[in-house]
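Accompanying notes for the structure given below.
No lab work stands behind these numbers, since they all come straight from the coordinates. Being a predicted model, the structure only gives us computed values, none of them experimental. Cβ placement follows ideal geometry from the backbone for every residue including glycine, while neighbour counts extend to all protein chains displayed.
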Amino acid sequence: MDPQTVLLNDATATQQFGQRLALHWLEQAGQKPILLLSGDLGAGKTCLVQGIAVALGIDEAITSPTFALAQHYSGAKAALVHLDLYRLETPAAADDLFTQEEEEALALGALMAVEWPGRLSFVPEGAWQLQLELVEANAPEAGRLATLTL
C-alpha cells in the first residue's frame, strides 16, 4: 500500500491518530502486524502510543521505555508491548531484544509498538511503519506529519 500522510496539529490529534491505528489493528485477522515508530526525539512517538493504549483499554500511564527498554501493559481489549531501542548501540543487541519481546507479544496477543526500529538489522515482515516528523524543527506546537505505510 502507498504511504498515507496525515497532519497532526497537536498532542491530542497525535493521540487520536494512535487510537485509530489501534482500532484498525484490532480488526486485523490472524497474526497482527508490529508497529514500527520512527522519528526524531520529541516527534511524538510516545504520545502516539498513549493514544494506542486508550483504544486498547489500558488504564496505566504510558511513559517512554527509553531506560527500561520495554514496558508491558494489559488492557480490556488487548495487551501492549512498548519497546524502545534508542539506547541499544549494536544491531545485534536490538535484534535480540526485539526477538525476545516479539515472542512475548505473540504469546499475549499484544500490539507491539517499537520506537527507534532503525536500530534493528532488518525490517520485520508485514510491519506497519509510521514516520513522525515535526512540521517545524524545535517547535512541536506547530504539529507533526505522520506518514503511515501498511
Among Val81, Val123, Val114, which one shows the highest mean-square fluctuation when the chain is modelled as a Gaussian network with alpha-carbon springs under 10 Å? Val123
Loop only per DSSP, at most 11 neighbouring Cβ atoms within 10 Å: give me the GluC sites (Glu not before Pro) in the stretch 105-150, ordered by residue number. Glu125, Glu136
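Would you mind calculating the gained length between Gln4 and Ala68 on full extension (0.36 nm times residue separation, minus the Cα-Cα distance), in nm to one decimal?
Numbers: separation 64, 0.36 × 64 = 23.04 nm, distance 3.15 nm.
Gain on stretching Gln4 to Ala68: 19.9 nm.
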Can you work out ³J(HN,Hα) from phi for every residue in the stretch 133-150, in order, using Karplus 6.51 cos²θ - 1.76 cosθ + 1.60 and θ = phi - 60°, giving whole Hz and x for Gly and Pro? 9, 5, 5, 10, 4, 6, 9, x, 5, 7, x, 9, 9, 10, 10, 10, 10, 9
With a/c under 1.5 counting as rounded, go ahead and sort the stretch 44-114 into rounded, prolate or oblate using the C-alpha gyration tensor (a ≥ b ≥ c being the square roots of the eigenvalues; past the cut-off, prolate if a/b is larger than b/c, else oblate). oblate
Quick one: 3J(HN,Hα) in Hz for the stretch 91-98, Karplus 6.51/-1.76/1.60 with θ = phi - 60°, rounded, Gly and Pro as x. x, 4, 5, 5, 4, 4, 5, 4
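Would you mind telling me the antiparallel percentage of the DSSP bridges in the chain, rounded to 5? Please list the in-between numbers first.
On the way: 15 of 27 bridges.
Beta bridges within the chain, antiparallel portion: roughly 55 percent.
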Which residue fluctuates most in the GNM of the chain (Cα springs below 10 Å): Phe17, Phe98, Phe122? Phe122
In deg cm²/dmol, rounded to 500, what helix-only [θ] at 222 nm does the chain give when every DSSP H run of at least 4 residues adds -39500 (n - 2.57) and the total is split over its residues? -10000 deg cm²/dmol
